[in-house]
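These notes concern the structure reproduced below.
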Amino acid sequence: PDVMRFLGGTYTGEYRLDQDVVPRLQSHDIDPFLIAQYIRATTVGCPNHFVAETTRENFLEYWRAGNHPSVTKYVTEVLNTAVKEHRNRYNMPLPVWIARYIPHLGITPQAMIVKGNKARLIFDARKKYHPQSTNINSLTSTHLGTELACLYGTTLRDVLERIYDLRITYPHDDIVVHANDVKSCFRQLKLHPDIMPAFSIMLADFLFLQAALPFGADFSPQNWEICRRIIEDLAEKLFHDTSLRSKHRQYLDRITFAPDLRHHVPAAVPAKPCSQRKGVRDEQGRPLPTPHRLFVDDDIYADRFDVDRMEQAIAASIE
C-alpha cells in the first residue's frame, strides 16, 4: 500500500483532473449521486466497501496450487501481457520471494485465453479447490448491495427499439449502427491502496501487485457502471455541441462509410408508430439527439444515414 501511494501518478490515477471534470458534469445536469460515486471511484479507490479476513492456510493453499495449466502453456504470451500492463502502470512487479513479507497478501490463480491473435489474462477470482476454499470474490461485499447494479443487460433491446423508432420516422433511409470501445475499461479505475495486496498474482518468478481493477473481480463491472452511465448520459447531452466535430476531426476523418448507403431505400421494412414507439422527433418535429447505449465498454448507437449526424454522435462519444 505504501509503495503504491509513494509512486502515485498513473498507479493511483492522481493525474485525473476531477476539479475540471466534476464542474462539467454538473453543468450538464448529470445525476449528483453518479457524480459523488465517480469522485469516490477515481480519487479514493475501489471497491466501495471491503472488510474481510481469511486464514494463513487458505493463503498457502492458493500459493501452492499455482495457476491454470494454460499459463504454463502460453507462458510467453502471459509474461508479455503482464509486462504490457506494467508499462501502463496497472501492476507492480516484485521478486516472488518478497510475498512472505507483505501483510494482507492474497494470491489469485490466473488463466490465459487465446483466441486467434488475441490473448487475455483472466483473474480467476471464483476458483475454489474444495468447498472450504475461500476465494477473493467470496470476501467482497458486492453480494450485499454495496455497489451499483449493472444495467447494461438491456442494451440490445434498447438499440433494436432505437432502430425501430428510426424506421418510423425515416421509412426509406438507410440506418447506420456504429460502436466505440473503451480501452481496458476496468483498468482505468484503481484499487484502494490499503486493499491492493489482497488481489495479487504470481507469474513465473514474479509477484505482481495489482493497482488497477482486475478483470474477474466481482466488483469491477459495478464500479465501471458509474462511468458507463455517465458516458451514456453525457454523450447524448453533448450532441448539440457542434464544436466537437472540429475538436475530434483527426478521428472522424478515419471513419469510412459504405459506398452503397442511400437516403432512399425502396425495399425497407415498414414500421408503424404505437403508444410505446413514436419515432425520433420531439413534439416540435425536431430530431432528437442520438442516444448512446454501452454494453459494458462498447458504446453502441444508431441513426439514419447522414454523415453530419453520425459524425456529431461519434464526436460526442469521444468527448
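The values are calculated or read from the model by the stated rules, or taken from the named source; none is laboratory data. Predicted model only: the values in this text are computed from it and were never measured. Neighbour counts run over all protein chains shown; Cβ positions are idealised from the backbone, glycine included. Surface accessibility is based on the protein's heavy atoms, side chains included, excluding ligands, DNA and RNA. Shrake-Rupley method; radii C 1.70, N 1.55, O 1.52, S 1.80 Å.
Taking Cα atoms, how many degrees apart are the long axis of helix 56-65 and the longest axis of the chain, rounded to 10 and kept between 0 and 90?
That helix lies at roughly 70 degrees to the long axis.
For segment 202-319, just the Cα set please: Rg and Dmax, both in angstrom.
That works out to 19.6, 66 Å for Rg and Dmax.
So who's got an amide H within less than 5 Å of the one on Phe295, skipping anything under 5 residues away but keeping other chains? H placed 1.01 Å off N, in plane.
Answer set, sorted by chain and number: Ile300.
When the distances between all Cα atoms of segment 129-239 are binned every 10 Å from zero, what whole-number percent does each bin get?
Percent of pairs per bin, in order: 11, 31, 27, 17, 10, 4, 0.
Please list, or write none, the aspartates and glutamates whose alpha carbon is within less than 14 Å of the alpha carbon of Lys118, excluding same-chain residues fewer than 8 places away.
Output for Lys118: Glu77.
Might you report the magnitude of the Cβ-based charge dipole of the chain about its Cα centre, with Lys and Arg at +1 and Asp and Glu at -1, to the nearest 20 debye? Provide the component values of the computation, followed by the final result.
Details: 39 positive and 39 negative charges, 134 e Å.
Computed about the Cα centre, the dipole is about 640 debye.
Give me, ordered by chain and number, the residues 5 or more places off Ile122 or on other chains with an amide H under 5 Å from its own placed amide H.
Ala111, Met112, Ile113
First measure r as the distance between the Cβ atoms of Arg262 and Val177, then evaluate 1/(1 + (r/R0)^6) with R0 = 25 Å and state the FRET efficiency to the nearest 0.05.
Details: r = 16 Å, r/R0 = 0.63.
Taking R0 as 25 Å, the efficiency between Arg262 and Val177 is 0.95.
Compute the distance from the alpha-carbon center of segment 242-291 to that of segment 178-224, in whole Å.
36 Å
Please compute the Kirkwood hydrodynamic radius of segment 1-159 from all pairs of different C-alpha atoms, in Å with one decimal. If you can, show how the numbers build up before the last one.
Details: mean 1/r = 0.0525 Å⁻¹.
Final number for the Kirkwood radius of segment 1-159 is 19.0 Å.
Can you find, among Leu244, Ala315, Val280, the residue farthest towards the positive end of the dipole of segment 234-319? Put +1 on the C-beta of Lys and Arg, -1 on that of Asp and Glu.
Val280
Kindly provide log₁₀ I(q)/I(0) values, in the same order as q = 0.15, 0.26, 0.28 Å⁻¹, from the Debye equation applied to equal alpha-carbon scatterers of segment 229-274.
Debye curve over Cα of segment 229-274, log10 I(q)/I(0) at q = 0.15, 0.26, 0.28 Å⁻¹: -0.77, -0.94, -0.98.
How big is the charge dipole of segment 5-115 about its Cα centre, in debye rounded to the nearest 20, if each Lys and Arg gets +1 on its Cβ and each Asp and Glu gets -1 on its Cβ?
Values: 12 positive and 10 negative charges, 92 e Å.
So the magnitude is around 440 debye.
Straight-line reach from Lys237: which lysines have Cα under 18 Å away, leaving out those fewer than 8 places along the same chain?
Of all the lysines, those that pass the test against Lys237 - Cα under 18 Å, at least 8 places apart if same chain - are Lys247.
Hey, what did the chain get for relative contact order, percent, Cα under 8 Å, at least 6 apart? Working shown, then result.
Details: 480 pairs, mean separation 79.9, N = 319.
About 25 percent, as a whole number.
In segment 114-143, which trypsin sites (Lys or Arg not before Pro) fall in coil by DSSP and have 14 or fewer other Cβ atoms within 10 Å? Intermediate results must be reported in sequence, preceding the final value.
Working: sites: Lys115, Lys118, Arg120, Arg126, Lys127, Lys128; in loops: Arg126, Lys127, Lys128.
Loop-located and lightly packed - Arg126, Lys128.
I need the calculated FRET efficiency for the pair Val96 and Gln26, taking r as the beta carbon distance and R₀ as 41 Å, to the nearest 0.05.
Once rounded, the FRET efficiency stands at 0.30.
Taking the full set of protein chains and a 1.4 angstrom probe, give the accessible area of Ile314 in square angstrom, rounded to the nearest 10.
Accessible area, nearest 10 Å²: 10 Å².
Find the centroid of the Cα atoms in segment 37-67 and in segment 114-152, then give the distance between the two in whole Å.
11 Å
Per residue, how much accessible area does segment 179-319 have with a 1.4 Å probe, in Å²? Numbers along the way, then the final one.
Working: 6730 Å² over 141 residues.
Per residue, segment 179-319 has 48 Å² of solvent-accessible surface.
Give me the one-decimal Kirkwood hydrodynamic radius in Å for the chain, with the sum taken over alpha-carbon pairs. All intermediate terms of the calculation are to be shown ahead of the outcome.
Details: mean 1/r = 0.0451 Å⁻¹.
When all Cα pairs of the chain are included, the Kirkwood radius is 22.2 Å.
List the lysines whose Cα lies under 23 Å from the Cα of Lys190, skipping any in the same chain that are fewer than 8 positions away.
Lys84, Lys127
Taking only Cα atoms, what is the 0 to 90° angle, nearest 10, from helix 220-237's long axis to the longest principal axis of the chain?
Roughly 20 degrees between the two axes.
Starting at the first residue of segment 250-258, write each ³J(HN,Hα) from the Karplus equation 6.51 cos²θ - 1.76 cosθ + 1.60 with θ = phi - 60°, in whole Hz, x for Gly and Pro.
Using θ = phi - 60°, the values come out as 4, 8, 5, 5, 7, 7, 10, 8, 4 Hz.
How much mean residue ellipticity at 222 nm does the chain get from its helices, if each DSSP H run of length 4 or more adds -39500 (n - 2.57) and you divide by all residues, to the nearest 500 deg cm²/dmol?
On the way: 11 runs with 106 residues, N = 319.
After summing the helix terms and dividing by the residues of the chain, the value is -9500 deg cm²/dmol.
Report the relative contact order of segment 1-148, percent, no decimals, based on alpha-carbon pairs under 8 angstrom and at least 6 residues apart.
It comes to 24 percent, rounded to a whole number.
For segment 226-319, state which trypsin sites (Lys or Arg not before Pro) are in a DSSP loop and have at most 13 other beta carbons lying within 10 Å of their beta carbon. The partial results should precede the final answer.
Working: sites: Arg228, Arg229, Lys237, Arg245, Lys247, Arg249, Arg254, Arg262, Arg277, Lys278, Arg281, Arg293, Arg304, Arg309; in loops: Arg254, Arg262, Arg277, Lys278.
Here the trypsin sites (Lys or Arg not before Pro) that fit, given the DSSP loop and packing criteria, are Arg254, Arg262, Lys278.
Suppose a student asked you for the relative contact order of segment 258-319, using Cα pairs under 8 Å spaced at least 6 residues apart; what percent would you report? Present the calculation step by step, with values, prior to reporting the outcome.
Numbers: 26 pairs, mean separation 13.7, N = 62.
Computed value for segment 258-319: 22 percent relative contact order.
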